[in-house]
Amino acid sequence: MNNSAANTGRVLGAGLRALLVLTLVCGVLYPLAVTGVAQLAFPGRANGSEIEDASGKVVGSELIGQRYDLPLMDGEETAAPDLRWFQPRPSNGLGTNSVNTQYSIVLSGATNRSGDDADLIQGVKDAKAAVIKDNSTAGYRVRPSDVPADAVTSSGSGLDPHISPEYARLQVHRVAERNELDITTVEKLVAAHTDDRILGFIGEPRVNVLKLNIALKDSLAKG
């Protein structure tokens, strides 16, 4: 009986020591080491790829899209886009969680609708009509064939921070008119914020909407 109790005590003691050692190594030392290396080697990415405006204020992340809408009016369920700014892709991922209504939460996910889904087809048609209407100006008419796919469809996550250079250029005339800027000035902003394929062959050329709108805001402040 005494031997059995002693053996049990030794086993429990060994298990407790192993638990303490593994907790220290895996729960404290390893996370601290990984965090330290990340902060030294990739501080921007480790802290969420935050973007600051000219005043040094953090205004978002280059990895997550933002909406640029007017204040929600009484009786409106969906806010109208603020057409002074470049608009992102349709952002189905930005919304509220019906389960937790205390906070406005970023939701990530696709609709998972098939290509022949009636609601999806109608949504694309409505989005295309809105893009044509919103971006046509007195001296520039958007044609249906001018509208790229990313202007009327959301990404798989619904949080894509980028648009295609084609969609950015389509918005140039509207942004220039709404902000009383020269079209050439706005075109240069788009060109300066167009990123090429990674390593020259991975992905597609893209424009980060948040960075572009920050540059637009800075241009307006200087002008």
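Since every read-out is calculated from the coordinates, none of them should be taken as a lab result. Fair warning: this is a prediction, and the values are worked out from it, not measured in the lab. Please note: Cβ atoms are built from the backbone with ideal geometry, for glycine as well, and neighbour counts cover all protein chains shown.
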Too-long pairs where the Cα-Cα distance tops 19 Å, listed order kept, from Lys57/Lys217; Lys133/Lys222; Lys125/Lys188; Lys188/Lys217: Lys133/Lys222; Lys125/Lys188
The chain: C-alpha pair distances exceeding 29 Å, %: 44
Nearest 10 degrees, 0 to 90: helix 2-24 Cα axis against the chain principal axis: 30
Label zone at Asp119 (point 7 Å along Cα-to-Cβ), backbone N below 20 Å, region 136-155: 152-155
Folded to 0 to 90 degrees: helix 30-41 orientation relative to the chain principal axis, Cα: 40
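Once the other residues with Cβ under 11 Å from the Cβ of Val58 are scored (Lys, Arg +1; Asp, Glu -1), what is the net sum? Mind showing how you got there, number by number?
Details: positive: Lys57; negative: Glu50, Glu52, Asp53.
Within the 11 Å Cβ shell, the charges total -2.
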Added length on full extension, which subtracts the Cα-Cα distance from 0.36 nm per residue, Ser49 to Leu22: 6.5 nm
Dipole-positive endmost among Gln66, His173, Tyr140 within the chain (Cβ charges, Cα centre): Gln66
Chain lengthening between Ser157 and Leu29 when straightened (0.36 nm per residue, less Cα-Cα): 42.7 nm
Sum of -39500 (n - 2.57) over DSSP H runs of 4+, divided by residues of the chain (222 nm, nearest 500): -13000 deg cm²/dmol
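Taking the Cα centre as origin and putting +1 on Lys and Arg beta-carbons and -1 on Asp and Glu beta-carbons, what dipole magnitude results for the chain, to the nearest 20 debye? Don't skip to the answer; put the middle values down first.
Values: 22 positive and 26 negative charges, 143 e Å.
With Lys and Arg at +1 and Asp and Glu at -1, about 680 debye.
Between Glu204 and Ala138, what FRET efficiency follows from the Cβ-Cβ distance if R0 is 25 Å, with the result rounded to 0.05?
0.20
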